[in-house]
Amino acid sequence: MKRSMIAMAASTNTNSPDQENITWFDADDDRLSRFAKTASKEVVAYRPPVPQAPPAARVARRVAKLYQNASLALFRMRHKQARTATGSVCVVVPAHNEEDTIARTITALLKQTRRPDRIVIVADNCTDRTVEIARSFGKRVTVIETVGRPQPSFAIVPSVQSGASTPRR
């Protein structure tokens with residue numbers, strides 16, 4: 001049965017100029033049973049001719065697809081899910097003479113998948129260019145500068161400074 005189907009396929013193939021020289025492999029050879037061997041000892045695959053639809057049918061099919069896509073788009077617009085409200089993200093970055101790393105820190109924050117809604121840089125008693133670099137990012141970054149403190153206010157936690165073993169609440 002398989003051999004007769006292959007012979008039928010060979011007889012309907014009009015693409016080959018030397019059709020009478022085509023010999024088919026045995027149906028027992030499972031790997032090469034779909035290939036023809038020509039007189040030039042070259043193995044070629046048989047591809048049946050693809051029937052072309054009339055131009056009117058192709059246009060009608062294309063119009064139907066466009067109509068389906070447009071109606072799907074309208075349906076999705078009308079039945080759009082309400083956006084879920086997410087909390088706002090505010091990042092506070094304490095900085096004391098962080099001239100070398102502040103630009104990389106702010107850039108990394110701005111490249112996050114979920115961007116912070118607000119970035120606040122607290123420049124505590126900075127004597128280098130930390131404030132200038134942070135302000136160069138413009139409106140995306142808020143800079144709070146403290147001046148005149150004897151030491152950085154965030155550097156030493158009061159409970160550690162007094163020698164207490166447990167943090168205060």
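Packing, as the average of other Cβ atoms within 10 Å across residues, places the peptides 50-60, 90-100 in the order 90-100, 50-60, highest first. Other residues whose C-beta falls under 14 angstrom from the C-beta of residue 135 contribute a net charge of -2, scoring Lys and Arg +1 and Asp and Glu -1. Under a 5 Å amide H cut-off, with hydrogens placed 1.01 Å from N, residue 128 pairs with 97 among residues at least 5 apart or on other chains. Rounded, prolate or oblate, given the Cα gyration tensor of segment 46-88, with a/c below 1.5 counting as rounded? Oblate is the answer for segment 46-88, as a/c is 1.5 or above yet b/c matches or exceeds a/b.
All of the numbers you see were taken from the coordinates with simple rules; none came from a lab. No experiment lies behind these values; they were computed from the predicted model shown. With ideal geometry, Cβ positions are generated from the backbone for all residues, glycine too; neighbour counts draw on all protein chains shown.
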